[in-house]
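In what follows, a structure is listed as structure tokens, so that the remarks can point back to it.
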Amino acid sequence: MSRRRRAVLLLGLALALGGLAAADVSRREAALARRLGPAVPAVVARQPLAPGDRVAADRLGVRRVPARYAPAGALGSPGEAVGMRVTAAIPAGAYVTAGALGGGPGETANGPALRAGERVADLTAAGPADLITPAAAWTCS
């Protein structure tokens, strides 16, 4: 076999193996993207927020994270938090969640107005839509 033929054969083999490797990487990336889910926006604090502070838009940012890793209760838009009071310290870079904010309708500076013996709990329900109502009051004994 001549040197020229050998060089052409090795070049063809390198191109074929490179194409197979690229196809494998593409398949792996697609599988990973399917497992992680779509990217969703999540509001983060650009600066530390102390309890009692009013949230201003310039102190917030938005980070896109895979839906699988977005924290429960994370806000999707800074506008949802602007004007609210911080009820729990939020360090810079941390997600801003509904549970760390208060001061909306029916709430005091320290959180929801509760009667004696009541506690706050965030619940997620699954079932028929006509049986599940948001912000329903439940009594547990």
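Structure summary
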item	result
Some residue of segment 27-35 being more than 29 Å from Ala121 (Cβ to Cβ), open to solvent by less than 80 Å² (accessible area, probe 1.4 Å) and in contact with a helix residue (DSSP H, G or I) (Cβ under 9 Å, 6 or more places away or on another chain)	no
Those residues of segment 76-93 which are closer than 22 Å to Ala121 by Cα and not in a strand (DSSP E or B), in sequence order	Gly76, Glu80, Ala81, Met84, Thr87, Ala88, Ala89
Single condition Gly83 does not satisfy, out of (1) at positive phi; (2) loosely packed, with under 12 Cβ neighbours inside 10 Å	(2)
Of all residues in segment 36-60 being of a type in the set (Val, Ile, Thr) and out of contact with any Pro (no Cβ under 7 Å at 6 or more places or on another chain), the one that is most open to solvent (accessible area, probe 1.4 Å)	Val40
Number of positions in segment 61-75 that are farther than 21 Å from Ala121 by Cα, open to solvent by less than 50 Å² (accessible area, probe 1.4 Å) and either part of a loop (DSSP other than H, G, I, E, B) or among the aromatic types (Phe, Trp, Tyr) (or both)	0
Residues satisfying the stated conditions in segment 37-57, i.e. assigned to a loop (DSSP other than H, G, I, E, B) and either in contact with a Phe, Trp or Tyr (Cβ under 6 Å, 6 or more places away or on another chain) or among the hydrophobic types (A, V, I, L, M, F, W, C) (or both)	Ala50, Val55, Ala56
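Residues checked against (1) modelled with pLDDT of 60 or more; (2) not small (Gly, Ala, Ser):
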| site | (1), (2) |
| --- | --- |
| Thr87 | yes, yes |
| Val96 | yes, yes |
| Gly99 | yes, no |
| Gly106 | no, no |
| Glu118 | yes, yes |
| Asp122 | yes, yes |
| Ile132 | yes, yes |
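The values are calculated or read from the model by the stated rules, or taken from the named source; none is laboratory data. Since the structure is predicted, the reported quantities are computational estimates derived from the model, not experimental observations. Neighbour counts run over all protein chains shown; Cβ positions are idealised from the backbone, glycine included. What goes into the accessible areas is simple: the full protein's heavy atoms, side chains included, and nothing from ligands, DNA or RNA. Shrake-Rupley method; radii C 1.70, N 1.55, O 1.52, S 1.80 Å.
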